[in-house]
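Beneath this line is the structure, given in structure tokens, with notes to follow.
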Amino acid sequence: MLAKRIIPCLDVKEGRVVKGVQFVGLRDAGDPVEVARLYDAQGADELTFLDITASHEKRGIILDVVGRTAEEVFIPLTVGGGICALDDIRNLLNAGADKVSINTAAVRRPEFIREASGRFGSQCIVVAIDAKQVSEAPLRWEIYTHGGRRPTGIDALEWARRMEDLGAGEFLVTSMDRDGTRDGYDNALNRSISEITEVPLIASGGVGGLQHLYDGIHLGKADAVLAASIFHYREYTVHQVKEYLSSRGICVRL
Amino acid sequence: MIAIVDYGMGNLRSVQKGFEKVGHPARVVQDPESIRAASALVLPGVGAFRDCMGHLEERMLRDPIRAHIESGKPYLGICLGLQILFTESEEFGRCEGLNIIPGKVRKFRFEQEKGGKASPYKIPHMGWNAIRKVNAPPVLADVPDGAYLYFVHSYFVDPEDATVVATKTDYGLEFTSMIWKDNIFATQFHPEKSQALGLSILKNFAELSANGASRP
């Protein structure tokens, strides 16, 4: 049986981990490679780096980080943030990334997803869907870009269908209402997308405790759950999360 | 020397780093001559079957790869490197493979649930799934029955000859997740992405290759 995936996510800026990872025993808790190695040892199923480097000139630094990670960590690695050209994707894959996650560039020009999946294969093209609830009855969500600052007027469910048609291999769905709140995933949003599309879905945004991860899988129908702070602040190890999910009847790789 | 064939289908870095990590450096090669010179061949790759066959043809690698396999030297196929061994794939109509292992490459198809909801079996089959050993080769010596390994694919192989099936995996149906025939070891899962268990497969393959044995 396919196991549900647990994916720690690191925000990386100019090659350094931001949102202070709190670990004892790490030589350099700001080095993404060290943190990646630690999560790998804890049994993470995949890793995600979100590159939030603002300056264009310093964008290349992430390639070095990816390259060094790929030398030591033998689990899938996804990189997102600022990807807007086929060359960006090629460089990341060549450096050792397995998947790239694309948001703004897809909204700006949806055909980019067709070109990217045509060139590199759907399996490495993750479409990041950042959505915010805009109506309660009927429930509706809208796509946001630029880290949740800019509304687009696009309906999130229609967008997911369209991205699937253009070749998206996976969705990374982040609730802009929940991100950073520790109130749990938006399970209604995730379930709605999961039930109308065929590609796997990663739930993201809002995890504050173990129950949220269970709900993301059980109620939100997510195939994978992504979290940052509960791992960074040492509230739980990946292994503890998996033991908990397993005790509640969820199939995980222990 | 172990040669990893670069034919333009995805990143080979993880595979190369994987061999390095287990103490058996491998070379990435792109030309027919280097393939002929290799003592063992690794063909990784993810993506489309048709593109893969097209690239092998263009680079004139098809015949040297076939010759390598037929000579009895060790071959490790990963994902596409497994699928292209077969007679044909259903991808985009019909597409011919190397026809070294008789059988077809089929697409996962799952019915919608009641009410038009998408099947819980998503495509691609992506993530960690368990293998069931059927006739496991020595390269799997350190991988226990039921172990989880990493998969990412939308097509699976369906061999005509059941004796080549090394492992099976469940995903809506039971499919062949590895084959073994003499010197041919080929996995649907990705050893290079399957942590220590995956690396043990690369190590065992490298050792078997270094011993010059085509048979255990």
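The values are calculated or read from the model by the stated rules, or taken from the named source; none is laboratory data. Keep in mind that what you see is a predicted model, and the values were worked out from it rather than measured. In this analysis, Cβ positions are derived from the backbone assuming ideal geometry, glycine residues included, and neighbour counts consider all displayed protein chains. Just the protein is used for accessible areas: all its heavy atoms, side chains included, with ligands, DNA and RNA removed. Shrake-Rupley method; radii C 1.70, N 1.55, O 1.52, S 1.80 Å.
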> If you project the alpha carbons of chain B onto the principal axes, what extent comes out on each, in Å, largest first?
Replying inline: 57, 38, 31
>> Helix-only mean residue ellipticity at 222 nm, chain B, DSSP H runs n ≥ 4 weighted -39,500 (n - 2.57), per residue, nearest 500. What is it?
In response: -7000 deg cm²/dmol
> Heavy-atom accessible surface, probe 1.4 Å, ligands and DNA/RNA ignored: which residues of segment A:120-151 lose at least 40 Å² versus the isolated chain?
Replying inline: A:Gln123
>> Along the Cα→Cβ direction, 7 angstrom out, place labels at A:His56 and A:Thr152. What is the inter-label distance in nm?
In response: 2.2 nm
>> Quick check: convex hull over the Cα atoms of segment A:1-111, volume per residue in Å³, rounded to an integer?
In response: 123 Å³
> In square angstrom, what is the accessible area per residue of chain A with a 1.4 angstrom probe?
Replying inline: 39 Å²
>> Could you sort B:Glu160, A:Glu235, B:Glu88 by their accessible area in this structure, using a 1.4 Å probe and putting the largest first?
In response: B:Glu160, A:Glu235, B:Glu88
> Between B:Asn99 and B:Ser39, what is the spin-label point distance in nm, taking each point 7 Å from the Cα along the Cα→C-beta axis?
Replying inline: 3.4 nm
> From the Cα gyration tensor of segment B:130-216, with a ≥ b ≥ c the square roots of its eigenvalues, which class applies: rounded if a/c is under 1.5, or else prolate if a/b is larger than b/c, or else oblate?
Replying inline: oblate
>> If you take each beta carbon of peptide A:96-107 and count the beta carbons of other chains within 10 angstrom, what is the mean?
In response: 2
> Tell me, what ³J(HN,Hα) does each residue in segment A:249-254 have, in order and in whole Hz, if you take phi through Karplus 6.51 cos²θ - 1.76 cosθ + 1.60 with θ = phi - 60° and put x for Gly and Pro?
Replying inline: x, 8, 7, 10, 8, 9
>> If I model a spin label at B:Ala210 and B:Glu174 as a point 7 Å from the Cα along the Cα→Cβ vector, what separation in nanometres do I get?
In response: 3.7 nm
>> Along the charge dipole of the protein assembly as shown, pointing to its positive end and built from +1/-1 on Cβ of Lys, Arg, Asp and Glu, which listed residue (B:Ile100, A:Phe120, A:Val17) has its Cα farthest out?
In response: A:Val17
>> 5 Å is the cut-off here: which amide hydrogens, built 1.01 Å from N in the peptide plane, fall below it relative to A:Gly148, excluding neighbours closer than 5 in sequence?
In response: none
> Over all directions, what mean area does the Cα convex hull of segment A:113-200 project, stated in square nanometres?
Replying inline: 5.8 nm²
> Out of every Cα pair in chain A, what percent are spaced more than 30 Å from each other?
Replying inline: 21 percent
> For the protein assembly as shown, what is the percent of antiparallel DSSP beta bridges, rounded to the nearest 5?
Replying inline: 45 percent
> In segment B:117-148, which residues give up 20 Å² or more of accessible area once the other protein chains are added, compared with their chain alone (1.4 Å probe)?
Replying inline: B:Lys117, B:Ala118, B:Lys122, B:Ile123, B:Pro124, B:Met126, B:Trp128, B:Asn129, B:Tyr148
> Hey, got the average number of other protein chain Cβ atoms within 10 angstrom for residues in A:37-47?
Replying inline: 1
> For segment A:51-167, what does the alpha-carbon gyration tensor say about shape, rounded, prolate or oblate, given a ≥ b ≥ c as the root eigenvalues, a/c under 1.5 as rounded, and a/b over b/c as prolate?
Replying inline: prolate
> Of all the accessible heavy-atom surface of segment B:2-209, with the other protein chains kept in place and a 1.4 Å probe, what percent is carbon and sulfur?
Replying inline: 47 percent
>> I'm a student and want to see the number: the projected area of the Cα convex hull of the protein assembly as shown, averaged over all directions, in nm².
In response: 21.2 nm²
> Amide H of B:Ile4: which non-local residues (sequence gap of 5 or more, or other chain) have their own amide H closer than 5 Å, using H built in the peptide plane?
Replying inline: B:Arg27, B:Val28, B:Val29, B:Val42
>> Please report the antiparallel percentage of the DSSP beta bridges confined to segment B:2-209, to the nearest 5.
In response: 60 percent
> Taking the Cα atoms only, what angle lies between the long axis of helix B:195-210 and the longest principal axis of chain B, rounded to 10 degrees?
Replying inline: 40 degrees
>> Quick check: convex hull of the Cα atoms in segment B:59-116, volume per residue, rounded to a whole Å³?
In response: 117 Å³
> A:Arg140's amide H: which non-local residues (gap 5+, or another chain) put their own amide H closer than 5 Å, with H modeled 1.01 Å from N in plane and none for Pro or chain starts?
Replying inline: A:Val134, A:Ser135
> Of A:Lys242/B:Lys122; A:Lys13/B:Lys193; A:Lys58/B:Lys193; B:Lys21/B:Lys181; A:Lys99/B:Lys21; A:Lys242/B:Lys117, which ones are farther than 24 Å apart at the Cα?
Replying inline: A:Lys13/B:Lys193; A:Lys58/B:Lys193; B:Lys21/B:Lys181; A:Lys242/B:Lys117
> Chain pair A, B: how much accessible area is buried, both chains summed, with a 1.4 Å probe, in Å² to 100?
Replying inline: 2800 Å²
> Taking Rh as the Kirkwood radius, which is the inverse of the mean 1/r over Cα pairs, what is the Rg/Rh value for segment A:145-254?
Replying inline: 0.98
> From the backbone phi of segment B:151-161, what are the Karplus-calculated ³J(HN,Hα) couplings (6.51 cos²θ - 1.76 cosθ + 1.60, θ = phi - 60°) in whole Hz, Gly and Pro given as x?
Replying inline: 10, 8, 6, 10, 10, 9, 8, 9, x, 6, 9
> Solvent-accessible area per residue for segment B:2-209 at a 1.4 Å probe radius, Å²?
Replying inline: 37 Å²
> What is the gain in length, in nm to one decimal, between A:Thr181 and A:Glu243 on full extension, counting 0.36 nm per residue of separation less the C-alpha to C-alpha distance?
Replying inline: 19.9 nm
>> Under 10 Å, Cα contacts only: if you run a Gaussian network model on chain A, which one of A:Glu158, A:Glu57, A:Glu71 comes out with the highest mean-square fluctuation?
In response: A:Glu57
>> List the residues of segment B:168-203 for which accessible area in the full set of protein chains is at least 10 Å² lower than for the chain on its own; 1.4 Å probe, protein heavy atoms only.
In response: B:Asp170, B:Tyr171, B:Glu192, B:Lys193, B:Gln195, B:Leu199
